[in-house]
Amino acid sequence: MNFLKKSIKNTFILMSVSIVFTGCSGTNNKTALSSSTPTESSQLTTKQKEAIDHGYQIGEYKLLLTNNQKKEEEQIFIENNFFEANFQKKQGDIDFSKKINILLYALHYSPEDEMYTLGTFIVNTSDITIKKLRLTVTTNFKNIGDVSPTVLTLEGDDFAELSPKNFLTLSLSGDAPLDSADLLMENKGPDITFKTTDLEINGEKVDNLNED
């Protein structure tokens, strides 16, 4: 079965029917995402505006917005602590031996577009500030296998300068025929993994392992 990974987008909201993986490794629950969001920047609270400008602190980690995300304030979903709650539940999956961690928090399938979208957190677990990032991500579905790799180039308005323990949201999308939807949605959180290769941090080619 051929799944073609075809696009990436820095975004916050996965609209319509989604599965949100709220459990730690080995466990999961299903929760429908709300699509009710602020429609005007005037509806944002002072705390939300501060988070947009300077990041949203979640324990010792901080969620940052790219400049392009900041231009779409109506899509910011902070008021119900959605990302805080999901990041705290996925935080235990962080592998500190890696420079970059990609954590899955949601799987969405659109039958109209015949496309899946994976909501992820990309976390800087290195000891340096990342100003630009390039990597190849290969997603593996347990019951399907690897899909076509996606080359990500994140810089400028599509990236936020990530100090250690800073992170941002990233969605990975790909084609999936309608007749494969049930098979795709059988995958639970631990069934979907990411392999990172061809990593470049600040223009330097590196592997994804932190030095001891």
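The values are calculated or read from the model by the stated rules, or taken from the named source; none is laboratory data. What you see is a predicted model, and the numbers here were worked out from it, not measured in a lab. Positions of Cβ are generated from backbone atoms using ideal geometry, with glycine treated the same way; all protein chains shown enter the neighbour counts. In case anyone asks, the SASA skips ligands and DNA or RNA and just uses the protein heavy atoms, side chains included. Shrake-Rupley method; radii C 1.70, N 1.55, O 1.52, S 1.80 Å.
Number of residues in the range 102-126 that are in a strand (DSSP E or B), over 13 Å from Thr169 (Cα atoms) and open to solvent by 10 Å² or more (accessible area, probe 1.4 Å) equals 4. Quick one: Leu162 ticks every box in (1) within 16 Å of the chain's Cα centre (by Cα); (2) open to solvent by 10 Å² or more (accessible area, probe 1.4 Å); (3) aliphatic (A, V, I, L, M) bar one, so which box is it? Among (1) within 16 Å of the chain's Cα centre (by Cα); (2) open to solvent by 10 Å² or more (accessible area, probe 1.4 Å); (3) aliphatic (A, V, I, L, M), the lone unmet condition for Leu162 is (2).
Which of the residues that make up the range 75-97 are open to solvent by less than 40 Å² (accessible area, probe 1.4 Å) and at pLDDT 75 or above?
To start, the set of residues in the range 75-97 that are open to solvent by less than 40 Å² (accessible area, probe 1.4 Å) comprises 76-78, 82-83, 85-87, 90, 94.
Phe82, Phe83, Ala85, Asn86, Phe87, Lys90, Ile94 - these are the residues of the range 75-97 that are open to solvent by less than 40 Å² (accessible area, probe 1.4 Å) and at pLDDT 75 or above.
Given the criteria part of a strand (DSSP E or B), free of Cβ contacts under 8 Å to residues at least 40 places away in the same chain and either within 15 Å of Ile201 (Cβ to Cβ) or of a type in the set (Val, Ile, Thr) (or both), does Thr153 qualify? Here the answer is yes, as Thr153 does meet what is asked.
With respect to (1) out of contact with any helix residue (DSSP H, G or I) (no Cβ under 7 Å at 6 or more places or on another chain); (2) open to solvent by less than 60 Å² (accessible area, probe 1.4 Å), the lone exception for Asp198 is condition (2).
Do we have Leu170 as touching a strand residue (DSSP E or B) at 6+ places or on another chain (Cβ under 8 Å), at pLDDT below 95, closer than 30 Å to Lys205 by Cα and open to solvent by less than 50 Å² (accessible area, probe 1.4 Å) here? Against the criterion (touching a strand residue (DSSP E or B) at 6+ places or on another chain (Cβ under 8 Å), at pLDDT below 95, closer than 30 Å to Lys205 by Cα and open to solvent by less than 50 Å² (accessible area, probe 1.4 Å)), Leu170 qualifies. Inspect the range 146-157 for any residue being open to solvent by 50 Å² or more (accessible area, probe 1.4 Å) and among the hydrophobic types (A, V, I, L, M, F, W, C) and give the result as yes or no. For the range 146-157, residues open to solvent by 50 Å² or more (accessible area, probe 1.4 Å) and among the hydrophobic types (A, V, I, L, M, F, W, C): present.
Residues satisfying the criterion are absent from the range 181-191 (criterion: touching a Ser or Thr at 6+ places or on another chain (Cβ under 8 Å) and part of a strand (DSSP E or B)).
Among the residues of the range 81-126, those identified as in contact with a Cys (Cβ under 8 Å, 6 or more places away or on another chain) and under 23 Å from Met185 (Cβ atoms) are Lys89, Lys90, Asp93.
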